[in-house]
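*Asks:* Quick one: structure below, then a few questions.
Throughout, read-outs are computed from the coordinates displayed, never taken from laboratory work. Owing to the predicted nature of the structure, the values given are computational and were not obtained by experimental measurement. Counting neighbours? That spans all protein chains shown, and the Cβs are built from the backbone with ideal geometry, glycine included.
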Ligand code: ADP
Ligand code: MG
C-alpha cells in the first residue's frame with residue numbers, strides 16, 4: 001500500500017538532501033523561489049491538461065497563496081495546481097527523476113566547500129531546498145479529478161511518510177515547520193522582499209497574507225510583451241535568472257516582435273555559463289511557448305537541438321488558447337515561428353562573431369554543441385560552419401573557416417584538418433608535418449563531434465575539407481633508394497594484415513614513418529573511434 005508507511009528515501013535523495021542542507025546555508029532564501037515555481041508549474045500543467053479534459057478546469061481565481069503562522073512557526077504555500085496522487089507523492093518527492101538534479105548532486109559533491117554557494121545558482125535544487133529552512137515538511141495534495149487527498153511528510157533525514165488527508169479542492173499545500181535558526185522567514189515582509197526579485201515574471205497571481213488578508217505580491221507582467229525601451233537591463237537579467245535558474249548574466253539578450261504574416265514576441269537569452277554539461281541526454285530545446293501570455297508548453301522544440309542552450313519565451317497570437325498537442329505537431333504556424341527564430345539567432349551570432357574577444361567565451365561554452373548543427377542541420381549547415389571556431393596550426397588563437405580560406409597560399413586547393421582527442425598532441429602529429437612544411441595550415445579538431453561533421457559538410461567556400469591523413473595528392477611518392485625499397489618490402493610483408501602499402505613520400509619531414517588513410521577510407525582517428533564503439 002502507498003499509504004501510512006514510513007519509507008526510506010532513494011539513496012540519491014538522501015545524498016542531495018544532505019548536501020543541500022549542509023552546504024548551501026548562505027543561499028537559503030531560494031527555498032521560496034523553488035516552492036513557488038513548483039506551484040506555478042502545477043497550475044500551468046493543470047491549465048494545459050484541462051484543454052483536453054474539462055473536469056480538470058482551473059478555478060477562475062486560481063492563485064498561489066502564502067501564509068505565515070507565527071505561533072505554530074509554519075509557512076504554508078498553497079496552490080490550485082494539478083495536485084498529486086499518493087503514487088505521485090512517492091515517486092516525485094521520494095526519488096530523483098530529473099537528470100539535472102543528479103548532475104547537481106555530483107558537481108556539488110566534487111566542489112570545494114567555498115565554491116558550493118555559487119554553484120546553487122547554476123542548478124535548481126527543487127523541492128528539497130525546503131529543508132534548508134524547515135525541520136519538517138508536509139505536502140498535502142489532491143490531484144485534480146480525484147476526491148481523496150494525501151499528506152506526505154518528512155524530517156528530511158531517513159525517509160518520508162504518506163497518509164490519507166483531506167483538502168476541500170484540488171491542489172497542494174506545502175507546510176514548512178521553520179527551524180529555530182530561520183525565524184526571519186516567519187516575517188511576511190521578509191518573504192515579500194524575496195518574492196519581489198523575480199515573482200513578477202510568474203503569470204499566476206501570488207498572494208501573501210498580511211494582517212489577516214491576502215495581498216498581491218506580483219504584477220504578473222509579461223516582460224517579453226513590453227517594448228524594448230521599457231525594459232531595463234536589470235529586468236532582463238532577473239527574468240533570465242528566473243527562467244534558467246541561473247545567477248549569472250546572459251551573454252546575449254535577443255528581444256523582438258515579428259509582425260506581418262505571422263505575429264509573435266520572442267525573448268531569448270544565450271547564457272553566460274552553461275548550466276549543465278552540454279552533453280546531457282536531453283538534446284532538445286525547451287524555449288517556452290505562450291499563447292496570448294498563457295504558458296502552453298516547453299516541449300514545442302522551438303529551436304533546433306544545436307541551440308538547446310538558449311533559454312527564452314515565445315508568445316504568439318496566431319494559435320488558439322486551447323491548442324492541443326496534436327495541433328502543435330501539425331500546425332504550419334509553429335514551423336514558421338521556428339524558421340524565424342533560428343534565422344534571427346544566426347543573424348545575431350554573425351554580428352557578435354565580428355568581435356573575436358567578445359565571441360570567445362561563447363565558443364568556449366557552447367562551441368561543441370554549435371558544431372552539432374554542422375552535422376544535424378541540413379538547412380543551416382554552412383551558416384553554422386561559418387559561426388564555429390577552431391584551433392589550427394596557424395597560431396594559438398581560434399580561427400574561423402573564412403579566415404582559414406583567406407590565408408590559403410597559392411597552390412593550396414583544399415582545407416586540411418586532423419582529428420584526435422588531444423588538440424596539443426595532434427598539433428605535433430607526423431600526419432601533418434608534410435602539410436606544415438609546405439606552409440599549409442591544418443585545423444586541429446579535438447571535440448567528439450569533430451569526428452563526424454567534416455564529412456557531412458564536405459566543402460566550405462567551394463573548398464573541399466580533406467583529412468590530413470588523406471591529403472595524398474599534394475605529396476609526391478618519391479623514388480626509393482635501393483636500401484629503402486628493401487626495407488619497405490620487408491615492412492609490407494611483415495604488416496600485410498594491417499597495411500595495404502608502404503611507400504616513400506615527401507609527406508614526412510622529421511618523422512621516419514606515419515600511418516596514412518588509403519583514399520576513400522575514414523580518417524585514422526575516426527577508424528579508432530569506430531573500432532572502440534564496436535562498429
Ligand atoms: P522540478 O520542479 O524541477 O521537477 P522539484 O524537486 O522542484 O523538481 O519537484 C519535483 C516534482 O514534484 C515536480 O516535478 C512535480 O512533479 C512535483 N511537485 C512539486 N511541487 C508540486 C506542486 N506544488 N504541485 C504538484 N506537483 C508538485
Ligand atoms: Mg521545481
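*Asks:* Return one number: the angle in degrees, 0 to 90 and rounded to the nearest 10, between the long axis of the Cα atoms of helix 30-50 and the longest principal axis of the Cα atoms of the chain.
*Replies:* 90 degrees
*Asks:* Which order results if 176, 108, 321 are arranged by neighbouring Cβ count within 10 Å, fewest first?
*Replies:* Starting with the residue having the fewest Cβ neighbours, the order is 321, 108, 176.
*Asks:* Find the eigenvalues of the gyration tensor of the Cα atoms of the range 409-483, then list the square roots of 5 times those eigenvalues as equivalent ellipsoid semi-axes, largest first, in whole angstrom. Display every interim value, and only then the final one.
*Replies:* Details: eigenvalues 105, 54, 25 Å².
Equivalent ellipsoid of the range 409-483: 23, 16, 11 Å, largest first.
*Asks:* Ordered by packing density, taken as the mean number of other Cβ atoms within 10 Å over each peptide's residues, highest first, how do 164-171, 478-485 rank?
*Replies:* Details: 164-171: 16.0, 478-485: 10.8.
Packing order, densest peptide first, comes out as 164-171, 478-485.
*Asks:* How would the range 321-402 be classified by its alpha-carbon gyration tensor: rounded, prolate or oblate, with rounded meaning a/c under 1.5 and the a/b versus b/c comparison settling the rest? Show your work: numbers first, answer last.
*Replies:* Values: a/c = 3.07, a/b = 2.58, b/c = 1.19.
Prolate, because a/c is 1.5 or more and a/b exceeds b/c.
*Asks:* Assign one of three labels to the range 196-273, namely rounded, prolate or oblate, based on the Cα gyration tensor with a ≥ b ≥ c the square roots of its eigenvalues; rounded applies when a/c is under 1.5, prolate when it is not and a/b is larger than b/c, and oblate otherwise. Spell out each step's value before the answer.
*Replies:* Details: a/c = 2.83, a/b = 1.52, b/c = 1.85.
Judged from the Cα gyration tensor, the range 196-273 comes out oblate (a/c at least 1.5, b/c at or above a/b).
*Asks:* Taking the 0 to 90 degree range and rounding to the nearest ten, how far is the long axis of helix 99-110 tilted relative to the main principal axis of the chain, both from C-alpha atoms?
*Replies:* 80 degrees
*Asks:* Ordered by packing density, taken as the mean number of other Cβ atoms within 10 Å over each peptide's residues, highest first, how do 258-265, 82-89 rank? Write out the running numbers ahead of the final one.
*Replies:* Details: 258-265: 14.1, 82-89: 21.0.
In decreasing order of mean packing, 258-265, 82-89 become 82-89, 258-265.
*Asks:* Taking the range 176-231 on its own, what percent of its Cα-Cα pair distances exceed 19 Å?
*Replies:* Values: 658 of 1540 pairs.
For the range 176-231, the share of Cα pairs beyond 19 Å comes to 43 percent.
*Asks:* What is the Cα radius of gyration of the range 341-461 over 2.2 N^0.38 Å, N being its residue count?
*Replies:* This ratio for the range 341-461 stands at 1.04.
*Asks:* Out of the DSSP beta bridges found with both residues in the chain, what percent are antiparallel (nearest 5)? Please list the in-between numbers first.
*Replies:* Values: 62 of 76 bridges.
Of all bridge pairs located within the chain, approximately 80 percent are antiparallel.
*Asks:* Same structure again: Go ahead and estimate [θ] at 222 nm for the chain from helices alone: -39,500 (n - 2.57) per DSSP H run with n ≥ 4, summed, over the residue count, rounded to 500.
*Replies:* Numbers: 17 runs with 180 residues, N = 535.
Rounded to the nearest 500, it is -10000 deg cm²/dmol.
*Asks:* Kirkwood hydrodynamic radius (Cα pairs, Å) of the range 386-524?
*Replies:* Numbers: mean 1/r = 0.0626 Å⁻¹.
Here the Kirkwood hydrodynamic radius works out to 16.0 Å.
*Asks:* Separate question: Quick check on the chain: what are the equivalent-ellipsoid semi-axes from the Cα gyration tensor, as sqrt(5λ), descending, whole Å? Present the calculation step by step, with values, prior to reporting the outcome.
*Replies:* Values: eigenvalues 616, 144, 87 Å².
In descending order, the three semi-axes are 55, 27, 21 Å.
*Asks:* Right, something else. How do 75, 254 line up, fewest other C-beta atoms within 10 Å first? List each step's numbers first, then the result.
*Replies:* Details: 75 26, 254 18.
Ascending Cβ contact count within 10 Å gives the list 254, 75.
*Asks:* Measure nothing but the geometry: give the 0 to 90° angle between the long axis through the Cα atoms of 482-494 and the longest principal axis through the Cα atoms of the chain, rounded to 10°.
*Replies:* Computed tilt is about 40 degrees.
*Asks:* Here's something else I'd like to know. For the peptides 303-309, 30-36, 486-492, what is the packing order when you average, over each peptide's residues, the other Cβ atoms within 10 Å and list the highest mean first?
*Replies:* Working: 303-309: 21.0, 30-36: 22.9, 486-492: 12.9.
Result, highest mean first: 30-36, 303-309, 486-492.
*Asks:* If you average 1/r over all unlike Cα pairs in the range 242-345 and invert the result, what Kirkwood radius do you get in angstrom?
*Replies:* Working: mean 1/r = 0.0707 Å⁻¹.
Computed over the range 242-345, the radius equals 14.1 Å.
*Asks:* Fewest to most neighbouring Cβ within 10 Å: what's the order for 224, 256? Don't jump to the answer; show the numbers that get you there.
*Replies:* Numbers: 224 23, 256 15.
By the 10 Å Cβ count, ascending: 256, 224.
*Asks:* Based on Cα positions only, what radius of gyration and what Dmax would you give for the range 362-410, in angstroms?
*Replies:* Using the Cα atoms of the range 362-410, the pair Rg, Dmax is 11.7, 35 Å.
*Asks:* Classify the range 10-76 as rounded, prolate or oblate from the Cα gyration tensor: take a ≥ b ≥ c as the square roots of its eigenvalues, call it rounded if a/c is under 1.5, otherwise prolate when a/b beats b/c and oblate if not.
*Replies:* Details: a/c = 2.99, a/b = 1.63, b/c = 1.84.
Oblate.
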